[in-house]
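Below is one structure, written out as structure tokens; comments come after it.
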Amino acid sequence: MIEINHIDKWYGSFQALKDCTTSVAKGEVVVVCGPSGSGKSTLIKCVNALEPFQNGEIIVDGIALKDPKTNLPKLRARVGMVFQHFELFPHLRIMENLCLAQEKALGRSHQEALAKSSKLLDRVGLKGHARKYPAELSGGQQQRVAIARALAMDPIAMLFDEPTSALDPEMISEVLDVMVDLAREGTLDDADPSEHVPLTEADVPEMLALIAATEPGPFGPRTIEFGGYIGVRRQGRLVAMTGQRLRASGHAEISAVCVDPAFRGQGLAAGLIRSLIATIRAREETPFLHVLTSNHVAIERYRALGFVTRRDMHLLVLERAQTRTD
């Protein structure tokens with residue numbers, strides 16, 4: 001996807017980059033570490049052709065940056081960039097910030113841009129802030145808007161230039177949560193609901209294999225307890241699954257979403273969660289839904305669905321805002 005070969009970069013007599021070589025494959029996540037002034041920002045700006053370099057070669061998705069025939073503005077439109085200081089237009093509302101480049105650079109209609117922007121703001125937990133101006137948001141919220149704006153261009157790669165360095169400590173986690181989710185899922189396209197299927201005992205061998213392959217962690221479904229598992233099948237193969245567990249009190253808990261590594265980046269997780277919530281809501285005997293999560297964006301999305309939060313150990317428990325009967 002990205003090839004960097006023997007790059008040298010000077011600012012006058014100062015050499016900022018010396019013989020830098022690496023490659024990044026599609027779906028791979030790479031972190032460039034180093035002290036201040038070591039050239040991290042310079043390197044990724046070279047990848048996006050925002051900084052010229054004197055020697056070497058950079059190839060992005062088969063396109064050489066130094067080729068005179070390369071249309072750099074068009075290439076930049078395909079590579080998302082998130083800066084340290086957000087770089088939002090202060091005089092435009094949040095929705096307008098997201099729509100502008102889509103309409104000007106990609107030629108989308110205003111309605112298409114609005115639909116795409118609304119979906120992405122929902123994805124980063126900010127759908128309710130679409131009519132606000134950047135100055136009305138916190139630093140963490142502005143950076144999440146910047147991430148959504150970059151994703152609105154349907155980029156082939158995302159570049160993050162120290163996106164949390166300008167944030168207060170309490171705001172860092174909400175941006176990192178979004179970045180981690182993106183690294184896990186890759187894209188935001190939802191799975192076709194027609195691919196969602198209920199899972200039964202006959203599916204247990206495939207379910208166990210999928211759980212083992214995705215290593216969902218300490219809160220994942222290490223054992224199969226049937227109570228509403230939903231899967232995604234493609235060409236007869238189980239590629240994703242999630243489910244609910246009913247407790248004696250009548251509450252339901254969402255299990256971890258498991259996605260086959262070969263199908264990461266296809267938006268399976270979001271579609272499965274929505275299907276599961278719809279299933280739970282349709283069951284009158286399940287009035288409460290608990291979701292264990294420390295993900296800031298997930299918390300905001302569940303709150304928008306009518307959940308309230310309370311503390312349970314080190315995590316937040318989200319609960320349907322209804323009168324308890326137990």
**Message:** If the requirement is being at pLDDT below 90, open to solvent by 50 Å² or more (accessible area, probe 1.4 Å), of a type in the set (A, V, I, L, M) and more than 23 Å from residue 139 (Cβ to Cβ), which of these qualifies: 106, 75?
**Reply:** 106
**Request:** State the number of residues belonging to segment 44-54 that are open to solvent by 70 Å² or more (accessible area, probe 1.4 Å) and polar (S, T, N, Q).
**Result:** 1
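Yes/no matrix, rows are residues, columns are (1) at pLDDT 70 or above; (2) open to solvent by 40 Å² or more (accessible area, probe 1.4 Å); (3) farther than 15 Å from residue 263 by Cβ; (4) not in a helix (DSSP H, G or I):
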{"residue": "155", "(1), (2), (3), (4)": "yes, no, yes, yes"}
{"residue": "167", "(1), (2), (3), (4)": "yes, no, yes, yes"}
{"residue": "173", "(1), (2), (3), (4)": "yes, yes, yes, no"}
{"residue": "181", "(1), (2), (3), (4)": "no, no, yes, no"}
{"residue": "205", "(1), (2), (3), (4)": "yes, yes, yes, no"}
{"residue": "209", "(1), (2), (3), (4)": "yes, yes, no, no"}
{"residue": "213", "(1), (2), (3), (4)": "yes, yes, no, no"}
**Asked** Any idea how many residues of segment 79-101 are out of contact with any Pro (no Cβ under 8 Å at 6 or more places or on another chain) and under 17 Å from residue 111 (Cα atoms)?
**Response** 7
**Item:** Of residues in segment 28-42 being open to solvent by less than 70 Å² (accessible area, probe 1.4 Å) and touching a residue at least 24 places away in the same chain (Cβ under 8 Å), the one nearest to residue 161 (Cα to Cα)
**Value:** 41
**Prompt:** Which of the residues that make up segment 36-55 are of a type outside the set (A, V, I, L, M) and part of a helix (DSSP H, G or I)?
**Reply:** 40, 41, 42, 45, 46
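If we scan segment 56-63, do we find a residue that is of a type in the set (A, V, I, L, M), open to solvent by 20 Å² or more (accessible area, probe 1.4 Å) and in a strand (DSSP E or B)? Before you say what the answer is, go through the steps one by one.
Kept after step one, since they are of a type in the set (A, V, I, L, M), are these residues of segment 56-63: 58-60, 63.
When the remaining residues are screened for being open to solvent by 20 Å² or more (accessible area, probe 1.4 Å), the result is 59, 63.
So of that shortlist, the ones also in a strand (DSSP E or B) come out as 59, 63.
Yes, there is a match, as at least one residue in segment 56-63 is of a type in the set (A, V, I, L, M), open to solvent by 20 Å² or more (accessible area, probe 1.4 Å) and in a strand (DSSP E or B).
Collect the residues in segment 17-35 that are in a loop (DSSP other than H, G, I, E, B) and over 22 Å from the mean Cα position of the chain (by Cα), keeping them in residue-number order. Steps first, answer last, please.
From segment 17-35, those in a loop (DSSP other than H, G, I, E, B) are 25-35; that's our starting set.
Across segment 17-35, the qualifying residues are 34, 35.
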**Prompt:** Does residue 89 qualify as being assigned to a loop (DSSP other than H, G, I, E, B) and over 26 Å from residue 12 (Cα atoms)?
**Reply:** yes
**Complete:** When restricted to 119, 132, the only residue open to solvent by 30 Å² or more (accessible area, probe 1.4 Å) and modelled with pLDDT under 90 is 119
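The values are calculated or read from the model by the stated rules, or taken from the named source; none is laboratory data. Note that the structure is predicted; figures quoted are calculated from it, not measured. For neighbour counting, all protein chains shown are included, and Cβ atoms are generated from backbone atoms with ideal geometry for every residue, glycine included. For the accessible areas, the whole protein counts, side chains as well, though only heavy atoms, and no ligand, DNA or RNA atoms are used. Shrake-Rupley method; radii C 1.70, N 1.55, O 1.52, S 1.80 Å.
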